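**Q** Input: one structure, supplied below.
A short reminder: the numbers here are calculations on the coordinates, not readings from a lab. On a predicted model such as this, the values are computed, not experimentally measured, just so you know. Don't worry about glycine lacking a Cβ; one is built from the backbone with ideal geometry, like all the others, and counts go over all protein chains shown.
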Amino acid sequence: MSGHSTYEPKTAFERWLDTRLPILRLANDTALDFPTPKNLNYWWTFGGILAICLVVQIVTGIVLAMHYVANSALAFNSVEHIMRDVNHGWMIRYIHANGASMFFLAVYVHIARGLYYGSYKAPREVLWLLGCVIYLLMMATAFMGYVLPWGQMSYYGAVVITNLFSAFDKIIPGVGTAITTWLWGGFAVDNATLNRFFSLHYLLPFMIAGVVGLHIWALHVPGNNNPVGVEVKSKADTVPFHPYYTVKDAFAILVFFIPFAWFVFFAPEALGHADNQVPANPLATPIHIVPEWYFLPFYAILRAVPDKLFGVLLMFSAIAMLFALPWLDTSKIKSMRYRPTARWFFGFFILATLGLGWCGGKLPDDVVIPFGRDAVSGEAVGFTVVMMSRVLAAYYFAYFLLVMPLLGLFEKTLPVPDSISTPVLTKGGAAMPSGAAAAPEKKG
Amino acid sequence: MAESAKANAHPTADEDPNRRDFIHIAALSVAGVGAAATAWPFIDQMNPSGDTLALASIEQDISKIAVGQQMVIKWRGKPVFIRHRTPAEIAAAVKDDHADMRDPASDASRTKPGQQQWLIVIGVCTHLGCVPNFGTGDYGGWFCPCHGSVYDTSGRIRKGPAPLNLQLPDYQFTGPTQVKIG
Ligand code: HEM
Ligand code: FES
């Protein structure tokens, strides 16, 4: 993308403003005239969907904060007050609570899109890293938000997650405990913890908005990747963002709102846990505690390991893999359309991640494939959820640490078109795009 | 460096990189120390406040706990288990004193002399902090519902991901059926 601007001020006022604060020029160049590959499919609409999700969370969140009380004695009842007494409070809370799930659904699709089409590769590494930072901030925000209603799941979610840091006691004795005490502001999760989580839950979404700004900046330097994975060669490969993608994104957002509204109005508690309708009780843990669905794969990895420190480190490294990916993948070809073998590994990767999520929701000793019954107790024995988690976690890491580095060196790829506008090759063709477009004037 | 003596003799800003460097380093050091000194209160404010630290000890009457039962009380925001063990539970714990354990400890070291029937432990799983359930799990002690840690009737870790035995709070018997915790 040549950085040059196509903005022409139309009125005297716009000319006047343009020489003082070229904000209309910025808006025009990023959201209206921005040259965008003409072949983007619906997987590319999730960026716009995510932006809307953030706005929805911020608007509903600020409204909830007008009625919510961040105090361990009052929090649970203030949420009930929102649900029963505040005008439209139930709807606004259900939009916020289910909105978090929809946000994660969208971000997982968005990340999977990036993995499949190689959007993390040069020259988009910084763009990818900023995306990973947003994902981390989202997890922190959602975790702290889930603590706020101060139900049993809220409470024990906070206990388990903050205690992850106590694992560091094994590296330097005392350090882990010092960190957890500092996070809690006491000797256990308590009022001080709830109060600070509220402060941070309010702050982090605005930090996300800031990083989203950087993410879009980093997008607009190299421009969008596209399903072919070949960089834009000429103007013939692009269309202006408006109206082509404003309309496509708007349509996708409306479709996205259908399941969103279905959850809010018809199954608002489907993704929640009944135990969170019980006020927090520091003296008794519910029989089966599970995190929100969007954390389940990581939870399964944590539980797959019998050692505390190693389990915690492995869980964090599962996320670190995403950060390292641009330097792990050795293939120069971006889109997996032209990497048939990689496509299979990718498909299994998605299945493994979904499988881990399934394991995360089950009890560790549940039997998946029974081999028979225990002679003494009569209970089923066989392949358990922990064992399955180990197999799937092994594949998860192997995908990043073995498949991505090695496959690029050995795989047989399909011929890659010279440009976006020539997706069908005339003959054999170069495996890699050459410098100049074959026929820049040709229309696709 | 050979020049420095000469340069010091004729100190002018342009000719003297060393003095300029010194000023930069000095200014940055002062600013760095200042920044750290300013940051510290903003970090330390998150540590337990004075009133939280002041939560001292509590006294508890334990006469109502039947043999084979436990009482859960709250101390410093955490559950404390006071368990009135049966002779069978004590025997099982003592029998395993030399079993292969992750965090070896004898049963005697976890109770007060002459008060073997009372086991008093902090009810926080040493894995990730859940409250283990009484009387469940393979060893009849506690079972943690979160990730499946199993503790025996002495509160020692026997199975699952937790690294350590259930911790012992500071406590003493202030009467035959009266304990002071903390
Ligand atoms: C990245 C954006 C955000 C995400 C992912 C998020 C997520 C969550 C989640 C998962 C809950 C728990 C819902 C429940 O189960 O009840 C929650 C609660 C809450 N959030 Fe947010 N939130 C976001 C932004 C905000 C913002 C900007 C505010 C503004 C102050 C806010 C204020 C609140 C309040 C007051 C509650 C407690 C009431 C309740 O539990 O419904 N949130 N949030
Ligand atoms: S918190 Fe008890 S097993 Fe994890």
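**Q** For A:Y156, A:Y120, B:Y139, what ranking results if the residue with the fewest other Cβ atoms within 10 Å of its Cβ goes first? Could the numbers behind the result be given before it?
**A** On the way: A:Y156 29, A:Y120 24, B:Y139 20.
Least crowded to most crowded, the residues run B:Y139, A:Y120, A:Y156.
**Q** Within 10 Å of each Cβ of B:143-150, how many other protein chain Cβ atoms are there on average?
**A** Values: counts 0, 2, 8, 11, 11, 6, 2, 0.
For peptide B:143-150, the averaged partner shielding equals 5.
**Q** Assigning unit charges at the beta carbon (Lys, Arg +1; Asp, Glu -1) and nothing else, what dipole magnitude in debye, to the nearest 20, does the stretch B:52-181 show about its Cα centre? Spell out each step's value before the answer.
**A** Working: 14 positive and 11 negative charges, 55 e Å.
Once rounded to the nearest 20, the dipole reads 260 debye.
**Q** Give me the number: length gained by fully extending A:A27 to A:L401, i.e. 0.36 nm times residue separation minus the C-alpha to C-alpha distance, one decimal in nm.
**A** 130.6 nm
**Q** Using Cβ counts within 10 Å as a stand-in for footprinting exposure, how do A:K121, B:K64 rank, fewest first?
**A** Values: A:K121 20, B:K64 9.
Least to most surrounded, the residues fall as B:K64, A:K121.
**Q** Go ahead and run the numbers for FRET between A:L351 and B:E59, Cβ-Cβ distance against an R0 of 60 Å, rounding to 0.05. Walk me through the intermediate numbers first.
**A** Details: r = 58 Å, r/R0 = 0.96.
Step by step, r from the Cβ atoms, then E = 0.55.
**Q** What distance in nm separates the simple spin-label points at B:A36 and A:W90, each placed 7 Å from Cα in the Cβ direction?
**A** 5.7
**Q** Which value, to two decimals, describes the C-alpha radius of gyration of the stretch A:130-170 once divided by 2.2 N^0.38 Å?
**A** Values: Rg = 12.1 Å, N = 41, 2.2 N^0.38 = 9.0 Å.
In units of the globular-protein estimate, the stretch A:130-170 measures up at 1.34.
**Q** Another question about this same structure. What FRET efficiency, computed as 1/(1 + (r/R0)^6) with R0 = 56 Å and r the Cβ-Cβ distance, is obtained for A:K235 and A:I62, rounded to the nearest 0.05? List each step's numbers first, then the result.
**A** Numbers: r = 43 Å, r/R0 = 0.76.
The computed FRET efficiency comes out at 0.85.
**Q** Oh, and also: Please report the Cα spread of the stretch A:41-105 along all three principal axes, rounded to whole Å, starting with the longest.
**A** Here the spans come out as 49, 23, 16 Å, largest first.
**Q** Under a 10 Å cutoff between Cα atoms, tell me which one of B:Q116, B:Q172, B:Q45 has the largest fluctuation in the Gaussian network model of chain B.
**A** The residue with the greatest mean-square fluctuation here is B:Q45.
**Q** Any idea what the dipole of the stretch B:66-132 comes to, in debye rounded to 20, about its Cα centre with Lys/Arg Cβ at +1 and Asp/Glu Cβ at -1?
**A** Values: 9 positive and 6 negative charges, 83 e Å.
My answer is approximately 400 debye.
**Q** Using the count of nearby Cβ atoms within 10 Å as a rough guide to exposure, how do A:S335, A:S389 rank from fewest to most? Spell out each step's value before the answer.
**A** Details: A:S335 20, A:S389 27.
Fewest to most other Cβ atoms nearby, the residues stand as A:S335, A:S389.
**Q** Report, as an integer, the average count of C-beta atoms from other chains found within 10 Å of each Cβ along A:283-291. Don't skip to the answer; put the middle values down first.
**A** Values: counts 9, 8, 12, 4, 3, 2, 5, 1, 0.
The mean count of partner-chain Cβ atoms within 10 Å per residue comes to 5.
**Q** May I have the pair-distance distribution P(r) for the stretch A:292-428, computed from all Cα-Cα distances with 10 Å bins from 0 and rounded to whole percent?
**A** Pairs per bin, as whole percents: 11, 32, 26, 17, 9, 3, 1, 0.
**Q** With the cut-off at 18 Å, report for the stretch A:1-141 the share of all Cα pairs above it, as a whole percent.
**A** Numbers: 6939 of 9870 pairs.
Counting every Cα pair in the stretch A:1-141, those more than 18 Å apart make up 70 percent.
**Q** What nm value, rounded to one decimal, do you get for the distance between A:A375 and B:T86 when each label is placed 7 Å out toward the C-beta?
**A** Result: 2.7 nm between the two label points.
**Q** Right, here's the next one. Which links in A:K235/A:K332; A:K308/B:K74; B:K112/B:K180; B:K112/B:K159; A:K248/A:K334; A:K233/A:K334 stretch past 18 Å when you go from one Cα to the other?
**A** Numbers: A:K235/A:K332 24 Å; A:K308/B:K74 26 Å; B:K112/B:K180 13 Å; B:K112/B:K159 25 Å; A:K248/A:K334 24 Å; A:K233/A:K334 16 Å.
In this structure, A:K235/A:K332; A:K308/B:K74; B:K112/B:K159; A:K248/A:K334 exceed 18 Å between Cα atoms.
**Q** Taking the highest mean first, how do the peptides A:19-28, B:120-129 order by number of other beta carbon atoms within 10 angstrom per residue?
**A** In decreasing order of mean packing, A:19-28, B:120-129 become B:120-129, A:19-28.
**Q** Just checking the output field for B:19-25: average partner chain Cβ neighbours within 10 Å of each residue's Cβ? Don't skip to the end; give the middle numbers.
**A** On the way: counts 0, 0, 0, 0, 0, 0, 0.
Per residue, the number of nearby Cβ atoms from other chains is 0 on average.
**Q** What is the sum of charges, Lys and Arg at +1 and Asp and Glu at -1, for the other residues whose Cβ falls under 13 Å from the Cβ of A:N41?
**A** Details: positive: A:K38, A:R113, A:K248, A:R337; negative: A:D249.
Summing Lys and Arg as +1 and Asp and Glu as -1 gives +3.
**Q** Then there is this: When you count, for each residue, the other Cβ atoms within 10 Å and take the mean per peptide, how do B:80-87, A:223-230 rank with the highest first? Walk me through the numbers on the way to the answer.
**A** Values: B:80-87: 20.0, A:223-230: 22.8.
Per-residue Cβ counts within 10 Å, averaged per peptide and sorted highest first, yield A:223-230, B:80-87.
**Q** If we count every other residue with Cβ under 15 angstrom of B:D107's Cβ, Lys/Arg +1 and Asp/Glu -1, where does the sum land?
**A** Details: positive: B:R83, B:R85, B:K95, B:R110, B:K112, B:R156, B:R158; negative: B:E89, B:D96, B:D97, B:D103, B:D152.
Net local charge, B:D107 excluded: +2.
**Q** Using only the alpha carbons of the protein assembly as shown, determine the length spanned along each of the three principal axes and report them from longest to shortest in whole angstroms.
**A** 95, 84, 64
**Q** For A:L283 and A:I172, compute 0.36 nm times the residue count separating them, minus their Cα-Cα distance, and round to one decimal in nm.
**A** Numbers: separation 111, 0.36 × 111 = 39.96 nm, distance 2.93 nm.
Full extension from A:L283 to A:I172 adds 37.0 nm.
**Q** Here is a follow-up. Please list B:31-38, A:379-386 highest first by mean number of surrounding beta-carbon atoms within 10 Å per residue. Mind dumping the intermediate values first?
**A** Details: B:31-38: 9.8, A:379-386: 15.5.
Ranking the peptides B:31-38, A:379-386 by packing returns A:379-386, B:31-38.
**Q** For the stretch A:237-330, taking Cα atoms only, what is the radius of gyration to one decimal and the Dmax to the nearest whole Å?
**A** 20.8, 63
**Q** Got a sec? Charge dipole of the stretch A:292-428, +1 on Cβ for Lys and Arg, -1 for Asp and Glu; which of A:W358, A:M388, A:A324 is way out at the positive end?
**A** Positive-end residue among those listed: A:A324.
**Q** Turning to a different aspect of this structure: In debye, nearest 20: dipole of the protein assembly as shown around its Cα centre with unit charges on the Cβ of K, R (+) and D, E (-)? Write out the running numbers ahead of the final one.
**A** Details: 46 positive and 43 negative charges, 244 e Å.
It works out to roughly 1160 debye.
**Q** If I build a Gaussian network model for chain A, linking alpha-carbon pairs within less than 10 angstrom, which residue out of A:Y116, A:Y202, A:Y244 has the largest mean-square fluctuation?
**A** With Cα springs under 10 Å in chain A, the top fluctuation among A:Y116, A:Y202, A:Y244 is at A:Y244.
**Q** Positive end of the charge dipole of the protein assembly as shown (Lys, Arg +1 and Asp, Glu -1 on Cβ, about the Cα centre): tell me which of A:A12, B:I82, B:M101 has its Cα farthest that way.
**A** Projecting each Cα onto the dipole axis, the largest value belongs to A:A12.
**Q** Using each residue's phi in the stretch B:154-167, evaluate 6.51 cos²θ - 1.76 cosθ + 1.60 at θ = phi - 60° and report the 3J(HN,Hα) Karplus result to the nearest Hz, with x for Gly and Pro.
**A** Per-residue couplings from phi come out as 10, x, 8, 6, 10, 7, x, x, 5, x, 10, 5, 4, 6 Hz.
**Q** Given 4 °C and 1.567 mPa s, how large is the Stokes-Einstein diffusion coefficient of the stretch B:52-181 in µm²/s, with Rh as the Kirkwood radius over Cα pairs? It would help to have the intermediate numbers written out before the result.
**A** Working: Rh = 14.8 Å.
Using the Kirkwood radius from Cα pairs, D works out to 88 µm²/s.
**Q** Report the local net charge at B:A27: Lys and Arg +1, Asp and Glu -1, summed over other residues whose C-beta lies under 12 Å from its C-beta. Let's see the in-between values first.
**A** Details: positive: B:R20; negative: B:D21.
Here the charged neighbours net out to 0.
**Q** If you don't mind, another one. Report the residue, chosen from A:F257, A:F349, A:F104, that carries the largest GNM mean-square fluctuation when chain A is represented by alpha-carbon nodes joined by springs under 10 Å.
**A** Looking only at A:F257, A:F349, A:F104, the biggest GNM fluctuation is shown by A:F257.
**Q** Calculate the FRET efficiency for B:K95 and B:R19 from the Cβ-Cβ distance with a Förster distance of 60 Å, rounded to the nearest 0.05. Let's see the in-between values first.
**A** Values: r = 78 Å, r/R0 = 1.30.
With R0 = 60 Å, the Cβ-Cβ based efficiency is 0.15.
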